[in-house]
1. Would you confirm whether or not the range 100-111 contains a residue that is at pLDDT below 85 and surrounded by 12 or more Cβ atoms within 10 Å (Cβ to Cβ)?
2. Kindly check whether there is at least one residue in the range 119-127 that is within 30 Å of D188 (Cβ to Cβ), charged (D, E, K, R), at pLDDT 80 or above and assigned to a helix (DSSP H, G or I).
3. Only residues that are charged (D, E, K, R) and at pLDDT below 75: list them for the range 160-189, please.
4. Only one of T54, T83 is assigned to a helix (DSSP H, G or I), modelled with pLDDT under 85 and loosely packed, with under 13 Cβ neighbours inside 10 Å. Can you tell me which?
5. Determine whether E61 is closer than 30 Å to E8 by Cβ and assigned to a helix (DSSP H, G or I).
6. Can you report the number of residues in the range 33-50 which are surrounded by fewer than 10 Cβ atoms within 10 Å (Cβ to Cβ) and not in a loop (DSSP other than H, G, I, E, B)?
7. Report, by residue number, each residue of the range 13-32 that is under 22 Å from D188 (Cβ atoms) and either in contact (Cβ under 8 Å) with a residue 24 or more places away in the chain or surrounded by 15 or more Cβ atoms within 10 Å (Cβ to Cβ) (or both).
8. Count, please, the residues in the range 124-154 that happen to be over 16 Å from D85 (Cα atoms), of a type in the set (S, T, N, Q) and either more than 16 Å from the chain's Cα centre (by Cα) or open to solvent by 50 Å² or more (accessible area, probe 1.4 Å) (or both).
Amino acid sequence: MQGFRTDELSLNSKMCAFIKKLEFWLKKVQRNSVSVFPTLDKFADDSEIDNLNTICDCIREHLTKLRDELVSYFPSIMNQDRTQDWIQNPFVEDVTSSSGLSDKLTENLIELASDRALELKFQNVTVSQFWLEVKGEYKELSEIAMSALLPFGSTYLCEVSFPAMSLIKTKHRNRLSVQNDLIIAVSDIEPRFDNILAKKQPQVSH
């Protein structure tokens, strides 16, 4: 759930998968099986513990509370919106059937999905990069896709900004404006130093 270049669509999928795992673990524990927890399973076999049923009851109670809490925080997480699947992969077979797009945009999506060159490009770049690169030819599709991909999926960038700022702005530099430095510190985009230096005037000797 943490890291750069995350988006709401991928994080929703991960959270949905985790909740489904919890339900799978609950079914196993309800049958007094702890095989989904390898360390505990090995310990139970090696130690030949007699109170495995009691342990399973505790685990079942904990997993149930955890699942219920997650569902209360994300009430619609299990009812995933399939109308945005085309954003994550426009080349999936029959992706247009549940796209929720207008007829005109659906036709554009069909054209895009049939382009073999774009499909090869999609395999070598990130989802965001792909939609930015096709903006010239498929502007409306690109804008809809980017509106879903741009919102921050987590508070990760905010969290990493605080320690970065504490390193940049010390008591010896307490009047320093850290805005530009902070952007560079938390971004994973490598600065184009050649372009930056080309715009600067070198100081000549007098």
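1. yes
2. To start, the set of residues in the range 119-127 that are within 30 Å of D188 (Cβ to Cβ) comprises 119-127.
From what is left, the residues that are charged (D, E, K, R) are 119, 121.
Subsequent filtering for residues that are at pLDDT 80 or above retains 119, 121.
Retained after the next criterion (residues that are assigned to a helix (DSSP H, G or I)): 119, 121.
Looking for residues that are within 30 Å of D188 (Cβ to Cβ), charged (D, E, K, R), at pLDDT 80 or above and assigned to a helix (DSSP H, G or I), one finds at least one in the range 119-127, hence yes.
3. Initial filter on the range 160-189 (charged (D, E, K, R)): 169, 171, 173, 175, 181, 188.
Of everything in the range 160-189, those that are charged (D, E, K, R) and at pLDDT below 75 turn out to be K171, R173, R175, D188.
4. Working: T54 fails: modelled with pLDDT under 85.
Of T54, T83, the one residue that is assigned to a helix (DSSP H, G or I), modelled with pLDDT under 85 and loosely packed, with under 13 Cβ neighbours inside 10 Å is T83.
5. Details: closer than 30 Å to E8 by Cβ: no; assigned to a helix (DSSP H, G or I): yes.
Judged against the criteria, E61 is not a match.
6. Our first condition is that a residue be surrounded by fewer than 10 Cβ atoms within 10 Å (Cβ to Cβ); within the range 33-50, this holds for 38-39, 46-48, 50.
Adding the requirement that they be not in a loop (DSSP other than H, G, I, E, B) leaves 38-39, 46-47.
Residues meeting the conditions: 4.
7. To start, the set of residues in the range 13-32 that are under 22 Å from D188 (Cβ atoms) comprises 13-14.
Matches in the range 13-32: S13 only.
8. Selection size over the range 124-154: 2.
The values are calculated or read from the model by the stated rules, or taken from the named source; none is laboratory data. All figures in this text were calculated on a predicted structure; none of them were measured in a lab. Methodologically, a virtual Cβ is constructed for each residue, glycine included, from the backbone with ideal geometry; neighbour enumeration extends over all protein chains shown. Ligands, DNA and RNA are excluded from the accessible area calculation, which covers all protein heavy atoms including side chains. Shrake-Rupley method; radii C 1.70, N 1.55, O 1.52, S 1.80 Å.
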